[in-house]
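The values are calculated or read from the model by the stated rules, or taken from the named source; none is laboratory data. The structure presented is a predicted model; accordingly, all values stated were derived computationally and were not measured. Neighbour counts are summed over all protein chains in view; Cβ atoms, including those assigned to glycine, are modelled from backbone coordinates with ideal geometry. Just so you know, the surface numbers come from the protein's heavy atoms only, side chains and all, with ligands and any DNA or RNA stripped out. Shrake-Rupley method; radii C 1.70, N 1.55, O 1.52, S 1.80 Å.
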There are 2 protein chains.
Amino acid sequence: MVQKRFFGSSAEMYLKTIAELAHEREPVPVTSVADRLGISTVSASEMIHRLEDRKFVKHRPYKGVYLTAEGRRKANGVIRRQRLWECFLTNGLGIPWEHVHDFACQLEHATDPVVTEALADYLEHPATCPHGNPIPTADGEMPALEGVPLVNLMPGEKGVILRIHPVSEELVKHLDERGISPGREIEVTEIAPFNGPQSIEVGDEIHVLGREVAAHVMVQQAADTR
Amino acid sequence: MVQKRFFGSSAEMYLKTIAELAHEREPVPVTSVADRLGISTVSASEMIHRLEDRKFVKHRPYKGVYLTAEGRRKANGVIRRQRLWECFLTNGLGIPWEHVHDFACQLEHATDPVVTEALADYLEHPATCPHGNPIPTADGEMPALEGVPLVNLMPGEKGVILRIHPVSEELVKHLDERGISPGREIEVTEIAPFNGPQSIEVGDEIHVLGREVAAHVMVQQAADTR
DNA sequence: TTATTATATTAGGTCATCCTTATAATATCA
DNA sequence: TGATATTATAAGGATGACCTAATATAATAA
């Protein structure tokens, strides 16, 4: 029987999206939420009001949305489920890591807490998903995040890729095609003028990354040894 | 992003339900479908019309519903996903087999074909789910079913439990508590008068099963050696 | 064959989630 | 400060999946 959930997968997507956007900018503009979810701002606004009624978010008109403590807990729960599924899909089922994001996104809304925790046990409580992003704890805490956005590095600076913010499958695929994945060492060789794209050395190759893309790649910056 | 499916999980539940009820009686009365799904007959009727428009079922008023070839393929796809998940939840995650039914039911509607087949590979293509029910093939064929309903056995007749029709978690739990699970040998010791319940010997114990329940237990009947 | 029961349909509603179009309010920049 | 751009809200609709109550029709059993 199709069970009635006390709130639908849509609401979960909103909370997750707000949480993901929140550590780029807080408060999160409603417009960004709408864009990311591919819906109209009117609909997003509507839903955010409903989420506010249920005390999951706080909306400051013309500023943006914040998660409440409860909302953050819920959002982290969703993210936990998604990232655990990503681990399983990649490591268990052998699905290429650049594809698992969307599959996991479907599964995350259909996963009972009992299944989530059994899955975590089974996977031996991984610290991160295949993209390198930390997996929230069972009680809804997000582990502290390290690293700086790749886009902040200046020419000559080096680092190790920590994680890729999985905004979309296209982004992940784009990076994967350029050999950029967690653990790889990179060096910024050049930045084009006028806030232009970065040239990045990965292994023996040099790739050019737009700023938008590089903003979603987090690196552990190496001590500058020039 | 929440993807738009060309039809929702509800429709999948209808098809699955019709398929499950079909080998008890064909055509399947709309009332049975409604009962099983816990919805009104009006709603069921409505949805069945929609499914008929899409050529998944054929409805004969006052008789019941049949699946079309296409509908059966779809239904078997859903059942395949569910039963594969049941295998994983039981054998992989160690969730007790009497609990996995509902969890798998949630997951089945959120599972991409790519994931389904990767899962099947991972599980090494099991023939049956933990309840003993056959898993349809990737192209939507349901393997032939053996066995007779336990309720058909007469006192003195013996057999081996092949599978339990997973109608509900309660049914499975009820049977599990009485030691009735696939592979067990049983003997009918008595049938109470007036179409009453059966007494079943399992191991050293004797349990009494209502006819409704016993109708969902399929057995491989042993040659009568009295 | 008729009365009873089972099944189907019609009409009118609810709820969540989305939409477009139009207007109002605020922010920001020149 | 005033003009422009951004953000919010209001109004009206659409859709899918459900509901109840009332009525119509077919099946079945006395």
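Listed residues A:Glu70, A:Glu52; which is within 14 Å of DNA strand C (Cβ to nearest atom) and surrounded by fewer than 20 Cβ atoms within 10 Å (Cβ to Cβ)?
A:Glu52
Rundown of residues vs (1) in a strand (DSSP E or B); (2) aromatic (Phe, Trp, Tyr), yes/no style:
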site: A:Val160; (1), (2): yes, no
site: A:Pro166; (1), (2): no, no
site: A:Glu170; (1), (2): no, no
site: A:Lys173; (1), (2): no, no
site: A:Asp176; (1), (2): no, no
site: A:Ile180; (1), (2): no, no
site: A:Val188; (1), (2): yes, no
site: A:Phe194; (1), (2): no, yes
site: A:Glu201; (1), (2): yes, no
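Regarding region A:67-90, can at least one residue be identified that is within 16 Å of DNA strand D (Cβ to nearest atom), within 27 Å of A:Pro134 (Cβ to Cβ) and under 20 Å from the mean Cα position of the chain (by Cα)?
Let us first name the residues in region A:67-90 that are within 16 Å of DNA strand D (Cβ to nearest atom), namely A:67.
Next, only the ones that are within 27 Å of A:Pro134 (Cβ to Cβ) stay: A:67.
This time we only want the ones that are under 20 Å from the mean Cα position of the chain (by Cα), so: A:67.
Yes; the residues of region A:67-90 include at least one that is within 16 Å of DNA strand D (Cβ to nearest atom), within 27 Å of A:Pro134 (Cβ to Cβ) and under 20 Å from the mean Cα position of the chain (by Cα).
Please tell me if A:Gly94 is at pLDDT 95 or above and not assigned by TED's automatic domain parsing to the domain that holds A:Leu15.
Working: at pLDDT 95 or above: yes; not assigned by TED's automatic domain parsing to the domain that holds A:Leu15: yes.
Against the criterion (at pLDDT 95 or above and not assigned by TED's automatic domain parsing to the domain that holds A:Leu15), A:Gly94 qualifies.
Output the residues belonging to region B:176-226 that are of a type in the set (Gly, Ala, Ser) and under 16 Å from B:Gly147 (Cβ atoms). Please lay out each step first, then the result.
Initial filter on region B:176-226 (of a type in the set (Gly, Ala, Ser)): B:179, B:181, B:183, B:192, B:196, B:199, B:203, B:210, B:214-215, B:222-223.
Matches in region B:176-226: B:Ser181, B:Gly183, B:Ala214, B:Ala215, B:Ala222, B:Ala223.
Scan region B:22-53 residue by residue and report those that are near DNA strand D (Cβ under 10 Å from one of its atoms) and farther than 24 Å from B:Gln106 by Cα.
B:Val42
Across region B:112-129, which residue is most open to solvent (accessible area, probe 1.4 Å) among those that are of a type in the set (A, V, I, L, M) and more than 8 Å from chain A (Cβ to nearest Cβ)? Show your work before the answer.
If we filter region B:112-129 for residues that are of a type in the set (A, V, I, L, M), which is where we start, we get B:114-115, B:118-120, B:123, B:127.
Imposing the further condition that a residue be more than 8 Å from chain A (Cβ to nearest Cβ) reduces the set to B:120, B:123, B:127.
Details: B:Ala120: 1, B:Leu123: 39, B:Ala127: 73 Å².
Filtering region B:112-129 for residues that are of a type in the set (A, V, I, L, M) and more than 8 Å from chain A (Cβ to nearest Cβ), the one most open to solvent (accessible area, probe 1.4 Å) comes out as B:Ala127.
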